[in-house]
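What follows is a set of notes on a single structure, which appears directly below.
Computed from the coordinates by the stated procedures, all read-outs in this text should not be read as laboratory data. None of these values were measured; they are calculated from a predicted model. Ideal geometry is used to build each Cβ from the backbone, glycine not excepted, and the neighbour counts take in all protein chains shown.
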Amino acid sequence: MKPIRRIVSASVVWPRSNIDTDQIIPARFLSTTERNGLGRYAFHDWRYRDDGSVNPDFVFNQPQNVGRSILVAGRNFGCGSSREHAPWALVDFGLRAVISAEIADIFRNNALKNGLLPVVLPAAVVDELLAHPDWSLELDVATRQLRLPDGRCYEFPLDEFQQVCLLDGVDELGYLLARTEAIQHFEENRNAC
Amino acid sequence: MTDSMPAVAAQPPRTLFDKLWDAHLVVAETTAAPALLYVDLHLIHEVTSPQAFAELAERGLTLRCPERTKGTLDHSTPTLPNAADGSVPYPHAAARAQVDRLRENAARCGVELFDLDSPARGIVHVIGPELGLTQPGMTIVCGDSHTSTHGAFGALAFGIGTSEVGHVLATQCLLQRKAKTLAITVAGELASGVSAKDLILHIIGQIGVNGGTGYVIEFRGATIRALPMEGRMTVCNMAIEAGARAGMIAPDQVTFDYLAGCPRAPKGAAFEAALARWKLLPSDPGAKFDRELQIDAGQVRPAVTWGTHPGTAMVIDGLVPEPQDAAQQRGIDYMRFSAGAGVLGEPVDVVFVGSCTNGRISDLREVARLLAGRKLHPRVRMLVVPGSAAVKRQAQAEGIDQIVRNAGGEWREPGCSMCIAMNGDLVLPGQLALSTSNRNFEGRQGPGARTMLVSPATAAASALAGCVADPRAYPDTTPTAAALAAEPVVGQTGALA
Ligand code: SF4
């Protein structure tokens, strides 16, 4: 994984709560054996109308939002299925971070493995961000801080291990493989289960 | 104890989850690093596994323990019978490609696959338990969020992403932080006509779709103990819909009796030895949970959802609430309901009975009980999709397929089907579907599909009535074998009025 240290961008704000994985990438686009190129399906049924035309009302289709890499969303973002296609699609679509007052467990876990920074902040802070999409936000992984243009800083939770993985681009599978001896020891000594 | 004996530190009482966690700890967690947790059983299906196998192949890695991984084909597979020439009617080439890819990967890596011609095929969370692969005390994972189902056996079972599928294939381990524990104790009796599905919808309605985030839920109490295994699976299946990492129920005699008849469960002396271990699993008296909740089963009524997530569950004769925010308003609008109005009598287009939530034999029996000798409302398209080939065989042996067909419903081959609408079975835009599955997200059952989550009984009653109907309004016909074999009864629409 490529290291991520700092993300600076204005935000796309979508205050909807419970944005589930079927909204992020509808199940009919999971009929693939690939993980690349899924960005075209990100938020598909919101970006496009039933007749296939672009929905100009959807936040990501609004001209000022093009190229922005931080999404500020309502509560409980990413609930639903375990499909890693969700972060694959969002990263391919150009997002680097999602900020919400709450992010579903499995999505959060999958996001961290794919260079998408999940940022959980108090609801009051998120509400303020939702009201100010044009603020240039700075997310700093090393200090676990969100910096606002007026200088205010908010710390967000990030597990030490996940932080190191992001900063150094640690590959979790490589980390696990390096512990093969411990796994072998466990297998040889465990009580039957 | 005499003074000279060293004091043995009494182990503090542990929860079921604590015991499972401790028993699978390869490397303990520290603030700097998560734990390595060993995985006993890894289930895979065609949608979330191909990229994991590709990653291993790219890195020249092999499977650490191929015998601990079992594969099935369920999401992309058609539920229509094969064509006359034996070909499988895939909805599109991509679905076939996924199936073929899993076949190749399984064959190359030595993974047992329950293929389409296997008598043991079916939805991953239906076949694991019915084969007895799912056992108390195990850690079980799958690239699928409803892996929580297997927790009904006192296993620690949860969904993982595709990267983690690769981790398990290569190392049989996962990097994990220990979750918090939430005890949900259910007391009281479920009223007649009220099922495990209604109970779990009620619970999610109470705690919300994020009420369990960060927690492993242990469902406890007399009501849970009184549920048969299939009802327990329905409850644990939907733990993820409350955001929980996993749901679990301590194993007891009901669990042991169920497993005693399962083909892959231990046999003879091995079963007795396993039993001795399984009996040690339930949470110790006095074990501490991070959070505790009480639910009164007496309050549970047949449930339906009025919005676009499972947390919008309400009693079937309730009123759609006033929206609290824009998302709720959108949910009500999407469903074409009105705040303050009831949903009973809403015209229904499609009824789907199936999925890993309610595609088991007891669910189909419940549906057959209501359908026997009656006809579906002509407006309704009803699909009944057994959760597995074994469920299908059993149902056919009992004549349930005939009851469904005689009523005017479609009887299908096993698979996920309309639960996720990846295989060509889908609800059309704008149609209202009553579904025994677990997710009513926008577009889940097809673009523009409007889904209400219900129990099998509510699904069947509504299929007969042609509108959202209370199953308690239907008399219990409890068909006998003779009645099942009887000619279809014509002329009854099953309308409630
Ligand atoms: S039946 Fe539905 S929820 Fe269950 S595994 Fe299949 S798609 Fe997932």
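Given H placed 1.01 Å from N in the peptide plane, which residues other than close sequence neighbours of B:Gly122 have an amide H under 5 Å from its amide H?
Long-range HN contacts for B:Gly122: B:Leu73, B:Ala389.
In debye, nearest 20: dipole of the protein assembly as shown around its Cα centre with unit charges on the Cβ of K, R (+) and D, E (-)?
380
For the residues B:Val165, A:Val91, what sequence is obtained by ranking on other C-beta atoms within 10 Å, fewest first?
Final ranking by Cβ density, sparse to dense: A:Val91, B:Val165.
Taking Cα centroids, how far is region B:345-364 from region B:65-88 in Å?
Distance between centres, Cα-based: 22 Å.
What FRET efficiency, computed as 1/(1 + (r/R0)^6) with R0 = 30 Å and r the Cβ-Cβ distance, is obtained for A:Val66 and A:Glu128, rounded to the nearest 0.05?
According to the calculation, E is roughly 0.80.
Subtract the Cα-Cα distance of B:Arg405 and B:Ala57 from 0.36 nm times their separation in residues, and report this length gain in nm to one decimal.
Difference between extended and current length: 120.6 nm.
Given contacts defined as C-alpha pairs under 8 Å and at least six residues apart, what's the relative contact order of region B:52-153, whole-number percent?
26
Fully extended, how many nm does the chain gain between B:Leu319 and B:Leu428 (0.36 nm per residue separation, minus their Cα-Cα distance)?
36.7 nm
Pop a pseudo-label 7 angstrom from the Cα along the beta-carbon direction at both A:Val164 and B:Arg177 and give the gap in nm to one decimal.
1.5
How are the Cα pair distances of region B:1-130 distributed, in percent, across 10 Å bins from 0?
All Cα pairs considered, the percentages come to 10, 29, 26, 16, 9, 6, 2, 1, 0.
Using the basic label-point model (7 angstrom from Cα toward the beta carbon), what is the A:Asp171 to B:Glu104 distance in nanometres?
Here the answer is 2.2 nm between the modelled labels.
Find the centroid of the Cα atoms in region B:200-266 and in region B:269-313, then give the distance between the two in whole Å.
Here the two parts' Cα centres lie 5 Å apart.
Once each part is reduced to its C-alpha centroid, what is the distance from region B:113-155 to region A:96-136 in angstrom?
33
In vacuo Debye scattering of region B:48-95, one point per C-alpha: log10 I(q)/I(0) at q = 0.25, 0.30 Å⁻¹?
Relative scattering, expressed as log10 I(q)/I(0), comes to -0.97, -1.16.
Can you give the FRET efficiency for B:Arg379 and B:His92, using 1/(1 + (r/R0)^6), R0 = 41 Å, r = Cβ-Cβ distance, to the nearest 0.05?
Approximately 0.90, to the nearest 0.05.
I'd like the orientation of helix B:326-335 relative to chain B: the angle between its Cα long axis and the longest Cα principal axis, in ° from 0 to 90, rounded to 10.
50
Quick check for chain B: number of Lys pairs with alpha-carbon distance under 15 Å, counting only pairs 8 or more apart or on different chains?
For chain B, the number of qualifying lysine pairs is 6.
Can you pull out the trypsin sites (Lys or Arg not before Pro) in region B:345-406 whose DSSP state is coil and whose Cβ has at most 10 other Cβ atoms within 10 Å?
Within region B:345-406, no trypsin sites (Lys or Arg not before Pro) qualify (loop, at most 10 other Cβ atoms within 10 Å).
So how compact is region A:111-193: Cα radius of gyration and Dmax in angstrom?
For region A:111-193, the Cα radius of gyration and maximum Cα-Cα distance read 18.8, 59 Å.
Go through region B:111-126 residue by residue and turn each phi into a ³J(HN,Hα) via Karplus (6.51, -1.76, 1.60, θ = phi - 60°); whole Hz please, and just put x for glycine and proline.
Once θ is set to phi - 60°, the couplings for region B:111-126 become 9, 5, 10, 8, 6, 4, 8, 7, x, 9, 5, x, 5, 3, 8, 9 Hz.
Could you state the per residue volume, in Å³, of the convex hull enclosing the Cα atoms of chain B?
176
What residues of region B:15-29 lie in the reach of a label at B:Leu275, counting those whose backbone N is under 15 Å from a point 7 Å from the Cα along Cα→Cβ?
Label zone hits: none.
In percent, what relative contact order does chain B have, based on Cα pairs under 8 Å that are 6 or more apart in sequence?
So the answer I get is 16 percent.
Hey, what D do you get for the protein assembly as shown in µm²/s if you plug the Kirkwood alpha-carbon radius into Stokes-Einstein at 25 °C and 0.890 mPa s?
For the chosen part, D equals 95 µm²/s.
If you take the Cα atoms of region A:6-192, find Rg, then find the Kirkwood Rh from the mean of 1/r over all pairs, what is Rg/Rh?
On the Cα set of region A:6-192, Rg over Rh gives 1.03.
What relative contact order, as a whole-number percentage, does region B:305-353 give when Cα pairs under 8 Å and 6 or more residues apart are counted?
39
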